[in-house]
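Participant: Have a look at the structure that comes next, please.
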Amino acid sequence: MPSPLQQEELMNDKSVITGKTRIYGILGCPVTHSLSPVMQNAALHEAAVDAIYVPFCVEPDQLSAALSGLRALGVCGFNVTIPHKTVIMPLLDKLAPSAVQAGAVNTVVNQGGQLIGHNTDGDGLVRSLVKDLNCDVGGSKVVLVGAGGAARGALVALCRAGVKSVVVLNRTVAVAEGLIGSFRSSFPQIMLHGTALDGQSGQLVSDADLLINATSLGMAGEKIDGLTLALLPDHAKVYDMVYNPPLTPLLLDARNRGLQAANGLGMLVAQGELAFSLWHGIAPANDIMQKALSAFFNAAKA
Ligand code: NAP
């Protein structure tokens with residue numbers, strides 16, 4: 001039995017889980033692939049915050065019950081991933097403007113029992129563009145490939161960051177048009193255009209400063225049919241939101257063309273850093289999340 005002094009020391013050791021430890025987590029289904037526990041726990045440890053971040057696998061028909069449970073247990077905050085990012089919105093008490101505009105929630109803060117939904121994905125992308133590609137999107141002409149949830153978050157953040165124009169290319173053209181249509185009135189000064197991702201796409205990319213892949217293509221090594229980088233200007237930069245595998249066919253094409261390119265790992269890290277700040281009121285230590293992921297990948301390779 002530890003002495004009272006030893007007990008006191010243990011209670012104050014932030015790496016030991018005690019009765020005071022706060023709980024955070026991620027809700028998804030599946031959730032086993034998520035790297036958020038790796039990077040969030042590393043940042044908590046580094047900042048000596050007495051908290052832990054755990055995965056919660058929640059089936060879609062259990063989401064409402066899970067939220068009641070998280071409220072009752074006083075879980076302080078959580079991330080939200082596939083397939084709950086949109087369906088969770090009406091189940092929360094309040095939505096921050098970032099979530100309303102993106103039409104999706106990836107971060108929830110429990111503020112005195114009120115669950116507040118935020119979205120840090122789009123701002124995470126913009127941060128990663130600056131950090132990983134030295135790309136300030138203000139005044140840029142952007143081609144955004146894909147029109148799903150990630151593309152919507154990206155579009156909000158790009159428009160708020162002051163891009164000049166965005167062309168959305170999508171396999172299902174009606175989805176691209178719908179996405180663009182829902183943004184026109186909010187950003188009348190930005191040229192927005194939605195069209196099909198097909199053999200004609202080449203001309204549309206010919207004056208782009210930045211091309212972003214927001215489709216799931218590349219995760220299984222697929223090329224993006226209908227997209228060629230041959231007509232991109234030499235100064236153009238390419239960003240692939242996919243980060244696993246780290247070198248997708250799109251990034252390989254960009255590299256072969258001599259274009260500056262980056263995968264989505266920086267976006268994953270940046271959205272996590274922004275969520276950390278929302279929960280704990282402090283920024284995580286510089287690069288701690290990135291380092292934790294690199295160490296994780298290296299250990300997995302060994
Ligand atoms: P989503 O809502 O399901 O959207 C998928 C998009 O991919 C749609 O535009 C869809 O087009 C397109 N697509 C799927 N299969 C296709 C195919 N065979 N050919 C052409 N287009 C196809 O998914 P999401 O949540 O937006 O996620 C998209 C990607 O972003 C995923 O790879 C995800 O991992 C990544 N992501 C990364 C981060 C990060 O932090 N790096 C964050 C969020 C998402 P249709 O409309 O025609 O179906």
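Readers should treat all values here as calculations from the given coordinates under stated rules, not as data from a laboratory. Predicted model, so just to flag it, every value in this text is computed and none were measured. In this analysis, Cβ positions are derived from the backbone assuming ideal geometry, glycine residues included, and neighbour counts consider all displayed protein chains.
Participant: Quick one: what are the phi-derived ³J(HN,Hα) couplings along region 229-243, Karplus 6.51/-1.76/1.60 with θ = phi - 60°, whole Hz, x for glycine and proline?
Facilitator: Coupling constants for region 229-243: 8, 4, 8, 5, x, 5, 7, 5, 10, 10, 10, 10, 5, 5, 10 Hz.
Participant: Please rank V54, V75, V238, V168, fewest neighbouring Cβ atoms within 10 Å first, as an exposure proxy.
Facilitator: Listing V54, V75, V238, V168 from fewest to most nearby Cβ atoms yields V54, V75, V238, V168.
Participant: For the pair A47 and Q7, what calculated FRET efficiency results from E = 1/(1 + (r/R0)^6), where r is the Cβ-Cβ distance and R0 = 25 Å, to the nearest 0.05?
Facilitator: The calculated FRET efficiency here is 0.60.
Participant: Would you mind ranking T228, T215, T81 so that the residue whose beta carbon has the fewest other beta carbons within 10 Å leads the list?
Facilitator: T228, T81, T215
Participant: Let's test the formula: R0 of 45 Å, r as the Cβ-Cβ distance of S68 and V130. What FRET efficiency results, to the nearest 0.05?
Facilitator: Values: r = 40 Å, r/R0 = 0.88.
Efficiency for this residue pair is about 0.70.
Participant: Separate question: How tilted is helix 288-301 with respect to the longest principal axis of the chain? Cα atoms for both, answer in degrees (0 to 90, nearest 10).
Facilitator: With both axes taken from Cα atoms, the answer is about 80 degrees.
Participant: Taking H as built 1.01 Å from N, whose amide H comes closer than 5 Å to the amide H of A261, not counting residues under 5 places away?
Facilitator: For A261, whose amide H was placed from the backbone, the distant partners under 5 Å are V238.
Participant: How big is the charge dipole of the chain about its Cα centre, in debye rounded to the nearest 20, if each Lys and Arg gets +1 on its Cβ and each Asp and Glu gets -1 on its Cβ? Before the final figure, lay out each step's value.
Facilitator: Numbers: 20 positive and 23 negative charges, 59 e Å.
So the dipole magnitude of the chain works out to roughly 280 debye.
Participant: In deg cm²/dmol and to the nearest 500, what is the mean residue ellipticity at 222 nm of the chain if only DSSP H runs of at least 4 residues count, each as -39500 (n - 2.57), divided by the residue total?
Facilitator: After summing the helix terms and dividing by residue count, I get -11500 deg cm²/dmol.
Participant: Just to check I understand the Karplus step: with θ = phi - 60° and J = 6.51 cos²θ - 1.76 cosθ + 1.60, what whole-Hz values come out for region 177-187, glycine and proline as x?
Facilitator: Coupling constants for region 177-187: 5, x, 4, 4, x, 6, 10, 4, 6, 6, 10 Hz.
Participant: Can you list residues whose amide H is under 5 Å from A51's amide H, if they're 5+ apart or on another chain and H is modeled 1.01 Å from N?
Facilitator: For A51, whose amide H was placed from the backbone, the distant partners under 5 Å are R22.
Participant: I want to check the label-to-label distance for A300 and K164. Put each point 7 Å from Cα in the C-beta direction and report it in nm to one decimal.
Facilitator: Going from the A300 label point to the K164 one covers 3.9 nm.
Participant: Another one. May I ask you to work out the translational diffusion coefficient for the chain at 20 °C, viscosity 1.002 mPa s, via Stokes-Einstein with Rh from the Kirkwood sum over Cα pairs, reported in whole µm²/s?
Facilitator: Result for D is 105 µm²/s.
Participant: Mind checking which lysines have their Cα closer than 29 Å to the Cα of K85? Skip sequence neighbours fewer than 8 apart in that chain.
Facilitator: List returned: K94, K131, K141, K164, K223, K237, K291.
Participant: What is the distance, in nm, between label points placed 7 Å from the Cα along the Cα-to-Cβ direction at I82 and at T228?
Facilitator: Distance between label points: 3.0 nm.
Participant: Moving to a separate point now. In a shell of Cβ-Cβ distance under 13 Å around T248, excluding T248 itself, what net charge do Lys and Arg (+1) and Asp and Glu (-1) give?
Facilitator: That sum, taken over residues with Cβ under 13 Å, equals -1.
Participant: How far, in degrees from 0 to 90, does helix 265-280 lean away from the longest principal axis of the Cα atoms of the chain, to the nearest 10?
Facilitator: 40
Participant: While we're looking at this one, here's another question. Hey, fewest Cβ within 10 Å first, where do M267, M89 land in order?
Facilitator: Final ranking by Cβ density, sparse to dense: M89, M267.
Participant: Continuing with this model, one more query. Residue separation times 0.36 nm, minus the C-alpha to C-alpha distance between S185 and T21: what's the value? If you can, show how the numbers build up before the last one.
Facilitator: On the way: separation 164, 0.36 × 164 = 59.04 nm, distance 4.56 nm.
Contour length minus the Cα-Cα distance gives 54.5 nm.
Participant: Please give, to one decimal in nm, the separation of the simple spin-label points placed at M219 and H193, each 7 Å out from Cα toward the Cβ.
Facilitator: 3.0
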